[in-house]
Amino acid sequence: MENLSIAIDGGHSMFKVRAASLASPDKRFSFQIPTVVMPAIALTNEQTRQKADLETVELDGRRYFFGETALRQGRSEVYTGQNADWIESPQHDALVLGAWRKAMQAFSNPPARVHLVMGLPAKFVGPQRDTLRSRIAALLTPRLLPGQTLRVMAQSQADAPLQWLSIQSNGSPHPQRDLDNEAWGVIEIGHYTTDFALSDRGAMMEYAAVSCAGMHLVYDGMSSALAQSKLPTSLDVVDEAVRSGSIKHFGERVDVSHLLRQARAGFEAVVMDEANRVFGQKAAVLDGIIVGGGGAELLLDGLKQRYPNAVCSDEPRMMVAEGFCRLGLLSLLQS
């Protein structure tokens, strides 16, 4: 039986999931699930129903659609769980259960041990860490196979980029990184929050463990701008506008990059102001500032102009999940 690390970056726009087996620690299984949940409904088309079955879970006797199925069938205009305590909701449970099921199905041999790593916004780690850990354990333990064990780890999302930096992809400590003798800042740009962290010679600075608004400000701004321009505002359209700067309208590509620049400007100012408050003059003496999260590509150029020592991975959207996955592998190696 295998030993498996599963990382779930439970974002408020997308659940990013990455898994790796200790037997092949450099190989990854990755996928993303739109953060949308709705009560399951009867579907008359057989092919559609078969696809929906793959994104349907049952909790406490109720069936839920999640991900793409919920996004399409519910004609959603907002993502699910845009509130601080959503980790205690059945919608969050449904997404975790869907992510768990899909990750477990990716490996032909059932794992003997599973280390599951999840994150919370920096400002919620203190009050919500134990709640998240116990709720996820209660949700998944009854679904384990005989002989399987599960360890649930919960931590700040802003810590994940530091794990991406200091742990190699196979789960072993990086030989060229010594966080006990380095200083690194983190800006993790998520949908609901933008999270900050500062590691100084191996110690996490409490004053830097803060959060400000996330990418939802851009989505809200784009939705309003599209509505004023008499363009569609469904969630998939707004997401396309934010990601590409254009949308499809009556079969034609419409450039909305000017609206995106306006929506981005306010959000960029919020993040820059908070970064200046958190890092201040210390930014110049840091070994670097790691920028990650789904909004990293949108703000990276501006952040690099302000902070020339800013660094980013090739997959900023998956950086948190990758950091968590590496931590899970490390904990499996050490246990």
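Every condition in (1) of a type in the set (A, V, I, L, M, F, W, C); (2) closer than 25 Å to E188 by Cα; (3) modelled with pLDDT under 95 is met by L145 except one, and the failing one is (2). Within the range 277-320, the set of residues being within 27 Å of M118 (Cβ to Cβ) and surrounded by fewer than 15 Cβ atoms within 10 Å (Cβ to Cβ) comprises E297, D314.
Condition first: farther than 23 Å from P121 by Cα, hydrophobic (A, V, I, L, M, F, W, C) and assigned to a helix (DSSP H, G or I). Can you find one or more residues in the range 310-325 that meet it?
no
Scanning for something more than 23 Å from H216 (Cα to Cα) and open to solvent by 20 Å² or more (accessible area, probe 1.4 Å), does the range 70-88 turn up at least one residue? Taking every residue of the range 70-88 in turn, none turns out to be more than 23 Å from H216 (Cα to Cα) and open to solvent by 20 Å² or more (accessible area, probe 1.4 Å).
Can you find a residue in the range 33-55 that is without any contact (Cβ under 8 Å) to a residue 40 or more places away in the chain, touching a Ser or Thr at 6+ places or on another chain (Cβ under 9 Å), open to solvent by less than 20 Å² (accessible area, probe 1.4 Å) and more than 27 Å from T193 (Cα to Cα)? Within the range 33-55, one or more residues are without any contact (Cβ under 8 Å) to a residue 40 or more places away in the chain, touching a Ser or Thr at 6+ places or on another chain (Cβ under 9 Å), open to solvent by less than 20 Å² (accessible area, probe 1.4 Å) and more than 27 Å from T193 (Cα to Cα). Per the conditions (1) assigned to a helix (DSSP H, G or I); (2) more than 19 Å from the chain's Cα centre (by Cα); (3) under 17 Å from M118 (Cβ atoms); (4) not polar (S, T, N, Q), the sole criterion not satisfied by R133 is (2).
Report yes if some residue within the range 82-105 is in contact with a Cys (Cβ under 9 Å, 6 or more places away or on another chain), not hydroxyl-bearing (S, T, Y) and not in a helix (DSSP H, G or I); otherwise report no. No, because not a single residue in the range 82-105 is in contact with a Cys (Cβ under 9 Å, 6 or more places away or on another chain), not hydroxyl-bearing (S, T, Y) and not in a helix (DSSP H, G or I). Looking at the range 9-52, which of its residues are part of a loop (DSSP other than H, G, I, E, B), closer than 15 Å to A321 by Cα and in contact with an Asp or Glu (Cβ under 9 Å, 6 or more places away or on another chain)? Of everything in the range 9-52, just one residue is part of a loop (DSSP other than H, G, I, E, B), closer than 15 Å to A321 by Cα and in contact with an Asp or Glu (Cβ under 9 Å, 6 or more places away or on another chain), namely S13. Listed by first and then second residue, the pairs with beta-carbon distance under 6 Å, at least 6 apart or on different chains, first residue in the range 112-141 and more than 13 Å from M153 (Cβ to Cβ) and at pLDDT 95 or above, second among the charged types (D, E, K, R) and surrounded by 17 or more Cβ atoms within 10 Å (Cβ to Cβ), are L139/D93. Within the range 191-217, being touching an Asp or Glu at 6+ places or on another chain (Cβ under 9 Å), of a type in the set (A, V, I, L, M) and crowded, with 24+ Cβ neighbours inside 10 Å holds for one residue alone: A197.
The values are calculated or read from the model by the stated rules, or taken from the named source; none is laboratory data. Here the structure is a predicted model, which is why all the values come from computation and not from measurement. Glycine gets a Cβ as well: all are built from the backbone with ideal geometry, and neighbour counts include every protein chain shown. Accessible surface is based on the protein model in full, side chains and every heavy atom, while ligands, DNA and RNA are left aside. Shrake-Rupley method; radii C 1.70, N 1.55, O 1.52, S 1.80 Å.
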